[in-house]
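Colleague: My questions will all concern the structure given below.
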Amino acid sequence: MRLIEPQIPQLMSLTRKLKLSTTCINNLFSINQNKGRKFRYTASLSISSSAAETDMVKAIRVHELGGHEVLKWEDVPIGEPKDGEVRVKNKAIGLNFIDIYYRKGVYKAATMPFTPGMEAAGVVVAVGPGLTGRKVGDLVAYAGNPMGSYAEEQILPADRVVPVPSSIDPAVAASVMLKGMTAQFLVRRCFKVEPGHTILVHAAAGGVGSLLCQWANALGATVIGTVSTTEKAAQARDDGCHHTILYKEEDVVTRVKEITSGKGVEVVYDSVGKDTFEGSLACLKTRGYLVSFGQSSGSPDPLPLSALAPKSLFLTRPSLFNYTITRDELLEAAGEVFANVASGVLKVRVNHTYPLSEAAQAQADLENRKTSGSVVLIPDGA
Ligand SMILES: NC(=O)c1ccc[n+]([C@@H]2O[C@H](COP(=O)([O-])OP(=O)(O)OC[C@H]3O[C@@H](n4cnc5c(N)ncnc54)[C@H](OP(=O)(O)O)[C@@H]3O)[C@@H](O)[C@H]2O)c1
């Protein structure tokens, strides 16, 4: 008994809409055959074993690098979880600037085509054979590799997901996993912010920036934040910035010198890159730290090592993924973030919500500086 090839996608799409496992499909056939309607297939139809292992889900796919228009809404196959894996039905997906770098080719995706996205929260719908510690129904979140969160469902290594406390909404969890853990490693591990420090945070009203300012303020620092608009400045002040600078209109180095009475700051957290990098070095006090952790305006120009010498400066270019390598590191970082959300130290601003199918518009808005706080994508029916 065979199913002819063109009928498989229709069948899989129906299976997904009805939220049935493929193993239910033969039963579905018999029911509909008995009712004698809906399907034109005959009693001789069934599905091949390879098709039975492959469900289809909706996802955003990138087939060629480029602008936001290369993000396509497609059906993609998803298998069942293997040893050590879980299958997660996403309830909310976090949008991050890194997704734009991959879409444009600033960072190279491991495969082409690929599904973008590195942050989501969802419910475990299947676990791989022999897996303990995770079960169907668990609410989990993840950040980082493997890429592919812009999808209704995805397969993940169980050791890269963390449980989400029941007090935390999935949209909040999806907004705070990657961005919150970034803020955590920046202020707690990369450069340890302490009471009495004065720090400079660029893009202070952004997804990471909002959380970073709140966390640094809670640690007792004086926080200076740069933003592009007065609306974003108001948000940054609400997030604990003691001083805001409109960096499109004001000279950042002059303003920082004024605010610090000429001393400069202990650390600059610079995610803007090309447009701010040189000024960031000039804002530092002697033996200050430049933490260059992103390049939303483009990669900074090369810097001769000798440029650090006059003030004995430190320069680092860190990545969250190197600070959450082990399971223990991941659990500790996520645990601190969720604890700070639960206690109110971190107010998570889910300022923008888009249907998952409109990821292209969401990325365009993030890239064009139209957003503040976090942006989440919500799958249909999640
Ligand atoms: N190293 C790591 O592990 C790590 C982890 C997470 C994020 N990051 C980096 O952190 C940064 C923030 O990420 P996010 O997802 O939270 O994004 P975001 O801060 O919400 O968005 C980027 C912001 O950067 C500012 N910006 C300045 N110049 C820009 C330009 N030419 N084009 C676009 N934006 C510009 C804009 O704020 P204004 O309008 O106020 O200027 C914009 O809203 C990104 O650079 C990202 O790569 C790094």
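The values are calculated or read from the model by the stated rules, or taken from the named source; none is laboratory data. Everything quoted here is computed from the prediction, not taken from an experiment. Here Cβ is always computed from backbone atoms with ideal geometry, including for glycine, and neighbour counts include all displayed protein chains.
Colleague: Which residue out of 106, 136 is over 23 Å from residue 364 (Cα atoms) and of a type in the set (A, V, I, L, M, F, W, C)?
Modeller: Of the residues listed, the single one that is over 23 Å from residue 364 (Cα atoms) and of a type in the set (A, V, I, L, M, F, W, C) is 136.
Colleague: Further question on the same structure: Please go through the stretch 257-291 and give me each residue that is among the polar types (S, T, N, Q) and surrounded by 18 or more Cβ atoms within 10 Å (Cβ to Cβ), ordered by number.
Modeller: Hits for the stretch 257-291 are 260, 271, 276, 280.
Colleague: Residues in the stretch 214-226 that are over 14 Å from residue 256 (Cβ atoms) and in contact with a Lys or Arg (Cβ under 9 Å, 6 or more places away or on another chain): how many?
Modeller: 3
Colleague: Can I ask one more? Can you give me the number of residues within the stretch 57-101 that are buried (at least 20 other Cβ atoms within 10 Å of the Cβ), in contact with a strand residue (DSSP E or B) (Cβ under 8 Å, 6 or more places away or on another chain) and assigned to a helix (DSSP H, G or I)?
Modeller: Residues flagged as buried (at least 20 other Cβ atoms within 10 Å of the Cβ), in contact with a strand residue (DSSP E or B) (Cβ under 8 Å, 6 or more places away or on another chain) and assigned to a helix (DSSP H, G or I) within the stretch 57-101 amount to 0.
Colleague: Exactly one condition in (1) within 16 Å of the ligand (Cβ to nearest atom); (2) within 30 Å of residue 68 (Cα to Cα); (3) crowded, with 24+ Cβ neighbours inside 10 Å is false for residue 145; which is it?
Modeller: (3)
Colleague: Let me ask something else. Please state which one of 360, 334, 364, 307 is within 18 Å of the chain's Cα centre (by Cα) and more than 26 Å from residue 213 (Cα to Cα).
Modeller: 360
Colleague: Mind checking which residues of the stretch 288-311 are assigned to a loop (DSSP other than H, G, I, E, B) and among the aromatic types (Phe, Trp, Tyr)?
Modeller: Passing the criteria: only 293.
Colleague: Which residue out of 286, 254, 326 is of a type in the set (Val, Ile, Thr) and not assigned by TED's automatic domain parsing to the domain that holds residue 221?
Modeller: 326
Colleague: Still on this structure, I have one more. Can you name the residue in the stretch 310-331 that is within 17 Å of the chain's Cα centre (by Cα) and β-branched (Val, Ile, Thr) and is also farthest from the ligand (Cβ to nearest atom) among such residues?
Modeller: 325
Colleague: Another question, if that's okay. Those residues that are part of a strand (DSSP E or B), of a type in the set (A, V, I, L, M) and within 16 Å of the ligand (Cβ to nearest atom), I need them from the stretch 338-382; list them, please. Spell out how you get there, then give the answer.
Modeller: Step one: list which residues in the stretch 338-382 are part of a strand (DSSP E or B), which gives 350-355, 374-378.
In the following step, the residues that additionally are of a type in the set (A, V, I, L, M) were identified as 350, 375-378.
Those that are part of a strand (DSSP E or B), of a type in the set (A, V, I, L, M) and within 16 Å of the ligand (Cβ to nearest atom): 350, 375, 376, 377.
Colleague: Here is a follow-up. Confirm whether residue 269 is touching a Ser or Thr at 6+ places or on another chain (Cβ under 8 Å) and in contact (Cβ under 8 Å) with a residue 40 or more places away in the chain.
Modeller: Spelling it out, it is not the case that residue 269 is touching a Ser or Thr at 6+ places or on another chain (Cβ under 8 Å) and in contact (Cβ under 8 Å) with a residue 40 or more places away in the chain.
Colleague: While we're looking at this one, here's another question. Report yes if residue 234 is of a type in the set (Gly, Ala, Ser), within 13 Å of the ligand (Cβ to nearest atom) and touching a residue at least 40 places away in the same chain (Cβ under 8 Å), otherwise no.
Modeller: no
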